[in-house]
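In what follows, a structure is listed as structure tokens, so that the remarks can point back to it.
The values are calculated or read from the model by the stated rules, or taken from the named source; none is laboratory data. The structure displayed is predicted, hence computed values, not measured ones. Glycine gets a Cβ as well: all are built from the backbone with ideal geometry, and neighbour counts include every protein chain shown.
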Amino acid sequence: MLAKNAGQSDFDKVLIVDDHPLFCDALSMTLQSVANIGEIHTADRLENAIGLIANGLKPDAVILDLNLPDVDGLEGLVRLKSAINAPVIVVSSISENRVVSQVIHAGASGYVPKHSQRDVFRIAFETVCSGNVFIPDGYVLIDDEDNDHNDAVNRLATLTNQQSRILQLICEGKLNKQIAFDLSIAETTVKAHVTAIMRKLGVQSRTQAVLIAKKASLASVLQE
């Protein structure tokens with residue numbers, strides 16, 4: 001194996017999950033330039049990203065936008081972390097220090113504001129590649145004082161991808177029969193998953209499960 005050039009990361013294959021094509025193109029060029037990434041894949045939805053992974057894609061790292069059309073930010077991060085064994089770097093236009101902290105507490109390996117210069121992306125990749133967590137200059141990691149939020153995120157992290165998808169549909173107000181139709185599975189299978197979801201979340205009803213999901217949402221962090 002050839003030696004890496006100076007400034008080159010060990011990440012040869014990267015998956016970018018972002019629904020803005022122009023940003024994906026610009027970020028792809030940036031990563032190829034500053035981190036010498038050889039193979040870049042993109043997905044415009046979380047479900048599409050998880051589909052790529054389920055079909056055999058094994059990225060060395062994932063770049064994740066928080067504002068995706070099909071999922072709330074922190075839930076998306078939790079689901080992605082459960083689907084792969086690779087670091088996830090969040091790239092977002094949101095610059096709230098609390099959000100940066102919550103993202104790191106939820107398992108991200110780094111956080112890069114979208115407006116960052118190329119060198120910031122280079123340093124972020126070098127930092128994460130070395131096994132450390134990257135936080136950009138001007139931000140500090142706040143202790144997770146919101147125990148309810150932290151507990152909700154931890155509970156959601158125990159769900160499988162299918163269970164997370166079913167919980168998302170429950171949050172949309174769909175009944176078991178509708179969920180079964182949407183996911184092309186038997187209604188009895190949905191019922192089994194719902195039972196498992198409630199057991200893992202430590203709740204007794206669908207309504208309580210929805211409340212747990214909402215506590216872990218990015219919107220709840222911004223509203224506090």
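Give region 154-197 a look and list any residue that's among the hydroxyl-bearing types (Ser, Thr, Tyr) and more than 29 Å from Val103 (Cβ to Cβ), or say none. Show your work before the answer.
Of region 154-197, the ones among the hydroxyl-bearing types (Ser, Thr, Tyr) are 158, 160, 164, 184, 188-189, 195.
Within region 154-197, Ser184, Thr188, Thr189, Thr195 qualify.
Residues of region 77-132 being at pLDDT 85 or above, aliphatic (A, V, I, L, M) and part of a loop (DSSP other than H, G, I, E, B), which ones?
Passing the criteria: Ile84, Ala86, Ala108.
Condition check ((1) free of Cβ contacts under 8 Å to residues at least 60 places away in the same chain; (2) touching a helix residue (DSSP H, G or I) at 6+ places or on another chain (Cβ under 7 Å); (3) among the small types (Gly, Ala, Ser)) across all residues:
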residue	(1), (2), (3)
Asn85	yes, no, no
Val100	yes, no, no
Ala108	yes, yes, yes
Val120	yes, no, no
Thr158	yes, yes, no
Gln163	yes, yes, no
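Just one of Thr195, Thr189, Thr160 is outside the structural domain of Val34 (by TED's automatic domain parsing), under 23 Å from the mean Cα position of the chain (by Cα) and at pLDDT 85 or above; which is it? Explain how you work it out, then say what you get.
On the way: Thr195 fails: under 23 Å from the mean Cα position of the chain (by Cα); Thr189 fails: under 23 Å from the mean Cα position of the chain (by Cα).
Criteria check complete, one pass: Thr160.
Among the residues of region 46-66, write down those that are without any contact (Cβ under 8 Å) to a residue 40 or more places away in the chain and closer than 21 Å to Ile104 by Cα.
Residues satisfying the conditions are Leu46, Ala49.
Could you please give the count of residues in region 171-207 that are among the polar types (S, T, N, Q) and either in contact with a Lys or Arg (Cβ under 7 Å, 6 or more places away or on another chain) or under 13 Å from Leu156 (Cα atoms) (or both)? Outline the logic, then answer.
Here is the first cut: in region 171-207, the ones among the polar types (S, T, N, Q) are 176, 178, 184, 188-189, 195, 204-205, 207.
The next check asks that each one be either in contact with a Lys or Arg (Cβ under 7 Å, 6 or more places away or on another chain) or under 13 Å from Leu156 (Cα atoms) (or both); those that pass are 176.
Result for region 171-207: 1.
Of all residues being crowded, with 17+ Cβ neighbours inside 10 Å and within 13 Å of Ala86 (Cβ to Cβ) in region 1-15, which is modelled with the lowest pLDDT? Just the residue, please.
The initial filter retains those residues of region 1-15 that are crowded, with 17+ Cβ neighbours inside 10 Å, namely 8-9, 11, 14-15.
In the following step, the residues that additionally are within 13 Å of Ala86 (Cβ to Cβ) were identified as 9, 11, 14-15.
Numbers: Ser9: 57, Phe11: 81, Val14: 94, Leu15: 96.
Per the criteria, the residue is Ser9.
Listed here are the residues, each with its yes/no results for (1) surrounded by 14 or more Cβ atoms within 10 Å (Cβ to Cβ); (2) over 17 Å from Lys214 (Cβ atoms).
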| residue | (1), (2) |
| --- | --- |
| Asn161 | yes, yes |
| Ser164 | yes, no |
| Ala192 | no, yes |
| Ala196 | yes, yes |
| Lys200 | yes, no |
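Please indicate, with yes or no, whether at least one residue in region 38-50 is in a helix (DSSP H, G or I), crowded, with 17+ Cβ neighbours inside 10 Å, in contact with a strand residue (DSSP E or B) (Cβ under 6 Å, 6 or more places away or on another chain) and not assigned by TED's automatic domain parsing to the domain that holds Leu167.
Within region 38-50, one or more residues are in a helix (DSSP H, G or I), crowded, with 17+ Cβ neighbours inside 10 Å, in contact with a strand residue (DSSP E or B) (Cβ under 6 Å, 6 or more places away or on another chain) and not assigned by TED's automatic domain parsing to the domain that holds Leu167.
Could you list, in sequence order, the residues of region 148-177 that are charged (D, E, K, R), more than 22 Å from Ala83 (Cβ to Cβ) and not in a helix (DSSP H, G or I)?
Lys174
Evaluate the following for Val71: is it outside the structural domain of Cys171 (by TED's automatic domain parsing), at pLDDT 90 or above and buried (at least 17 other Cβ atoms within 10 Å of the Cβ)?
Numbers: outside the structural domain of Cys171 (by TED's automatic domain parsing): yes; at pLDDT 90 or above: no; buried (at least 17 other Cβ atoms within 10 Å of the Cβ): yes.
So Val71 fails the test.
Taking Val62 as the residue in question, decide whether it is closer than 30 Å to Ile166 by Cα and in the same structural domain as Tyr111 (by TED's automatic domain parsing).
Values: closer than 30 Å to Ile166 by Cα: yes; in the same structural domain as Tyr111 (by TED's automatic domain parsing): yes.
For Val62, the condition - closer than 30 Å to Ile166 by Cα and in the same structural domain as Tyr111 (by TED's automatic domain parsing) - is met.
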